[in-house]
1. State yes or no: is TYR75 closer than 21 Å to THR30 by Cβ, in a strand (DSSP E or B) and not β-branched (Val, Ile, Thr)?
2. Please work out if VAL66 is surrounded by fewer than 17 Cβ atoms within 10 Å (Cβ to Cβ), over 24 Å from VAL19 (Cβ atoms), modelled with pLDDT of 85 or more and hydrophobic (A, V, I, L, M, F, W, C).
3. Only one of THR86, THR136, THR102 is among the β-branched types (Val, Ile, Thr), farther than 18 Å from ALA24 by Cβ and part of a helix (DSSP H, G or I). Can you tell me which?
4. When the stretch 1-15 is examined, which residues are found to be among the charged types (D, E, K, R) and surrounded by 10 or more Cβ atoms within 10 Å (Cβ to Cβ)?
5. Return the only residue of LYS34, LYS94 being surrounded by 15 or more Cβ atoms within 10 Å (Cβ to Cβ), farther than 20 Å from ILE11 by Cα and of a type outside the set (Val, Ile, Thr).
6. Of a type in the set (D, E, K, R), touching a strand residue (DSSP E or B) at 6+ places or on another chain (Cβ under 9 Å) and at pLDDT below 95, is that true of GLU81?
Amino acid sequence: MSKIVRGSFTIERVFDTPVEKVWAAFADMTEKQKWFHGPDGPEDEHTMDFQVGGREYSKGTFRNGVVSEFDALYYDIVPNERIVYTYEMHLDGKRISVSLTTMEFAGEDGKTKFVMHEDGAFLDDFDKPELREQGTRELLDALAGSL
């Protein structure tokens, strides 16, 4: 029997970097590739069409041979202010989750307040909301390191 676990989380960060630079880390593929990847390094494949209606796709292979895929569709983009997108995650070709993500950026005094919220449907016990939140926090740590 199939199973859906629903989960939501919100992460707030303040980056000691101007909003334009934090924004570029999401909007520019070269900048994003500096931090947006799995724990085993860069992706095997990464494409990005950062515009409303555009897609982003990333595929990588873990050391253990498992293939991970991120497939996103952008719904709303306001430069230096917000991004809204949905995405699917797959492991070895099996869909493990579908999520809606919102990101808000606010610059003040050379810093950026960043708020990310995700609502996810985690499918058939292949992933869990707490694991996704942990992985997202690790990605944001990598982002902070790249800034």
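The values are calculated or read from the model by the stated rules, or taken from the named source; none is laboratory data. Computed from a predicted model, the values in this text were never measured in an experiment. In this analysis, Cβ positions are derived from the backbone assuming ideal geometry, glycine residues included, and neighbour counts consider all displayed protein chains.
1. no
2. For VAL66, the condition - surrounded by fewer than 17 Cβ atoms within 10 Å (Cβ to Cβ), over 24 Å from VAL19 (Cβ atoms), modelled with pLDDT of 85 or more and hydrophobic (A, V, I, L, M, F, W, C) - is met.
3. One residue alone meets the criteria, THR136.
4. Passing the criteria: GLU12, ARG13.
5. LYS34
6. So GLU81 does not fit the description; no.
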